[in-house]
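*Asks:* There's a structure below that I have some questions on.
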Amino acid sequence: MGVTGPPGPVMDRDEVDRALARLGAEHEAIETSLLALQDHAGRRLLEGAELTGTTKERWTSAEASITLLWAYFDAYTDALRSARDIRSRRRWSSRDDLVELTELLRGESVTVAGSATATANAPTLAGSSKLSEQFSLAALVERMNELYASSLDMVVASDAVWSALPARIDLLAAELQRTRQLAHSVGVRPGEHPAGDDLERITRTLTTLRERVVSDPLAFWAPAQGSSAPGGGRPDTTTYDREARALEEVRREIDAVLTVRQDAEARLVKLRDVLSRADRTLAEARSARGEVLAKIAASEVPAVSGPPTALQEQLATAAEYRRHAQWHRLSPLLESLEEKAEDELLRARESLTAVTAPLAVRAELRGRLDAYKAKVARHGFAEDPFLVERYDAARRMLWSAPCDLRVAEEAVLRYQRAAADLLSPRVPEQGGPHDRVDRRGES
């Protein structure tokens with residue numbers, strides 16, 4: 001919708017003809033816009049809807065604006081028809097005709113009468129007590145532009161929300177219904193499982209959301225910042241998006257329960273195996289502790305805990321859940337048990353390692369002693385009396401019970417040092433090999 005030129009001095013014939021042509025084109029554009037607004041799907045929906053809140057308030061104003069728009073358009077049409085009639089009186093308009101045309105085309109020559117209700121509800125005339133107003137054609141078009149823009153903005157925004165949200169809510173509600181049926185089949189029910197409570201809450205929220213969207217669409221419209229164009233903005237889907245994410249989380253929870261139903265027996269068998277291995281390892285650790293206490297002296301041996309009875313009880317509970325198809329309870333219990341069972345097996349292995357550490361030290365000392373004996377034998381000193389004496393002393397300590405690891409380690413070190421001294425390279429003297437230092441007297 002356009003705007004006519006500003007008022008000025010008496011127009012000549014060419015100016016009048018150009019103004020009439022422009023006003024004629026503008027008249028067609030205004031009529032087209034008003035008819036499009038009249039036939040807009042959003043406007044028809046607004047007329048038939050039971051509105052509430054912001055939408056109800058703005059539609060009351062918009063209806064008054066549309067009524068005024070047609071009154072303004074009719075006055076505009078009459079003024080244009082009068083101007084054309086004056087111009088068509090004669091081919092060459094007289095000065096009196098031109099003065100009249102100038103006043104009609106540029107002066108405040110258009111009188112618009114409106115109902116008190118329409119005038120009171122129209123946004124640009126709020127508070128006006130006039131039953132009629134005088135306009136120039138330019139001012140009249142400007143007023144029509146204001147009313148048209150506000151009315152179209154309201155209609156387009158409402159239609160955009162109605163086109164976007166109810167259909168999406170219905171699709172989500174259908175998905176919600178399928179999820180509820182699936183949840184019921186695996187025992188996920190309100191009051192028994194958090195996911196069942198979530199489904200009830202999502203159902204209530206979507207029902208309320210749809211009712212509000214239908215009755216008050218403008219409550220879910222986010223205008224574009226800095227935009228003055230009618231319908232500038234987008235539907236506000238914040239609530240819908242939040243519930244869609246919540247439903248997706250519930251679906252993942254249901255999928256986890258379904259997975260439990262499919263492989264529960266295999267997971268229970270694996271859990272029994274892990275806990276059985278932990279029991280056997282702890283039993284081995286207890287047996288090894290007794291052996292260590294009998295064979296190793298002066299050693300701190302950690303205590304070994306008993307079998308994990310609490311986990312065995314929870315495993316029995318999990319088996320009971322499976323037997324009664326309580327998958328929603330079995331799912332979190334299995335996840336917890338699997339983690340605890342692996343921790344229990346690791347703890348049992350660490351306990352066995354800690355208990356058998358003294359035996360490992362003794363075995364390492366025995367191996368080291370025999371390794372040096374073999375090395376000495378390869379160099380032809382297996383019968384050396386001093387080395388034999390040192391070896392026998394260390395061996396007695398390592399193969400006696402209880403074995404004092406600290407004393408035995410010192411004996412092994414003495415044998416190592418003696419062997420190292422014997423095998424280290426020396427410069428022969430005149431006395432020959434029999435002149436080497438005799439170590440039998442060494443302690």
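*Asks:* If only one of Arg168, Arg143, Arg210 is open to solvent by 60 Å² or more (accessible area, probe 1.4 Å) and in contact (Cβ under 8 Å) with a residue 60 or more places away in the chain, which one is it? Let's see the steps before the verdict.
*Replies:* Numbers: Arg143 fails: open to solvent by 60 Å² or more (accessible area, probe 1.4 Å); Arg210 fails: in contact (Cβ under 8 Å) with a residue 60 or more places away in the chain.
After ruling out the rest, the residue left standing is Arg168.
*Asks:* Of all residues in the range 64-104, count the ones that are more than 29 Å from Glu146 (Cα to Cα), of a type in the set (Lys, Arg) and assigned to a helix (DSSP H, G or I).
*Replies:* Residues that pass the stated criteria total 2.
*Asks:* If I ask for residues that are exposed (fewer than 15 other Cβ atoms within 10 Å of the Cβ), in contact (Cβ under 8 Å) with a residue 40 or more places away in the chain and more than 60 Å from the chain's Cα centre (by Cα), which ones from the range 66-93 would you list?
*Replies:* Arg84, Trp92, listed by residue number.
*Asks:* Could you tell me whether any residue of the range 184-192 is in contact (Cβ under 8 Å) with a residue 24 or more places away in the chain, out of contact with any Lys or Arg (no Cβ under 9 Å at 6 or more places or on another chain) and part of a helix (DSSP H, G or I)?
*Replies:* No: zero hits.
*Asks:* So Ala288 passes all but one of these: (1) open to solvent by 30 Å² or more (accessible area, probe 1.4 Å); (2) at pLDDT below 85; (3) small (Gly, Ala, Ser). Which condition number does it fail?
*Replies:* Every condition holds for Ala288 apart from (1).
*Asks:* Right, next: If you scan the range 40-63, which residues turn out to be farther than 20 Å from Asn145 by Cβ, assigned to a helix (DSSP H, G or I) and open to solvent by 30 Å² or more (accessible area, probe 1.4 Å)?
*Replies:* Ala41, Arg44, Leu45, Glu47, Gly48, Gly53, Thr54, Lys56, Glu57, Thr60
*Asks:* Something else: Return yes when Arg261 is over 13 Å from Leu352 (Cβ atoms), open to solvent by 50 Å² or more (accessible area, probe 1.4 Å), modelled with pLDDT under 90 and basic (Lys, Arg) and no when it is not.
*Replies:* yes
*Asks:* Does any residue of the range 234-253 turn out to be within 30 Å of Arg349 (Cα to Cα), open to solvent by 70 Å² or more (accessible area, probe 1.4 Å) and not hydroxyl-bearing (Ser, Thr, Tyr)?
*Replies:* No, every residue in the range 234-253 fails to be within 30 Å of Arg349 (Cα to Cα), open to solvent by 70 Å² or more (accessible area, probe 1.4 Å) and not hydroxyl-bearing (Ser, Thr, Tyr).
*Asks:* Would you check if there is a residue in the range 291-309 being at pLDDT 85 or above and buried (at least 18 other Cβ atoms within 10 Å of the Cβ)?
*Replies:* Checked against the condition, which is being at pLDDT 85 or above and buried (at least 18 other Cβ atoms within 10 Å of the Cβ), the range 291-309 yields no hits at all.
*Asks:* Hey, could you check the range 264-285 for residues that are more than 23 Å from Ser331 (Cβ to Cβ) and among the acidic types (Asp, Glu) and say which is most open to solvent (accessible area, probe 1.4 Å)?
*Replies:* Taking the candidates together, the pick is Glu284.
*Asks:* Restricting the first residue to the range 47-65 and requiring it to be under 15 Å from Arg212 (Cβ atoms) and touching a residue at least 40 places away in the same chain (Cβ under 8 Å), which pairs with a second residue that is loosely packed, with under 15 Cβ neighbours inside 10 Å and hydrophobic (A, V, I, L, M, F, W, C) meet a Cβ separation below 6 Å and a spacing of at least six or different chains?
*Replies:* From residues that are under 15 Å from Arg212 (Cβ atoms) and touching a residue at least 40 places away in the same chain (Cβ under 8 Å), the pairs are Gly53/Ala219; Thr54/Ala219.
*Asks:* Follow-up question, since we're still on this one. Checking Gly5 against (1) at pLDDT below 90; (2) small (Gly, Ala, Ser); (3) surrounded by fewer than 14 Cβ atoms within 10 Å (Cβ to Cβ), only one condition comes out false. Which one?
*Replies:* Only one criterion in (1) at pLDDT below 90; (2) small (Gly, Ala, Ser); (3) surrounded by fewer than 14 Cβ atoms within 10 Å (Cβ to Cβ) is unmet by Gly5, namely (3).
The values are calculated or read from the model by the stated rules, or taken from the named source; none is laboratory data. As the structure is a computational prediction, the values presented were derived from the model and not from experiment. Cβ: placed from backbone, ideal geometry, glycine included. Neighbour counts: every protein chain shown. For the accessible areas, the whole protein counts, side chains as well, though only heavy atoms, and no ligand, DNA or RNA atoms are used. Shrake-Rupley method; radii C 1.70, N 1.55, O 1.52, S 1.80 Å.
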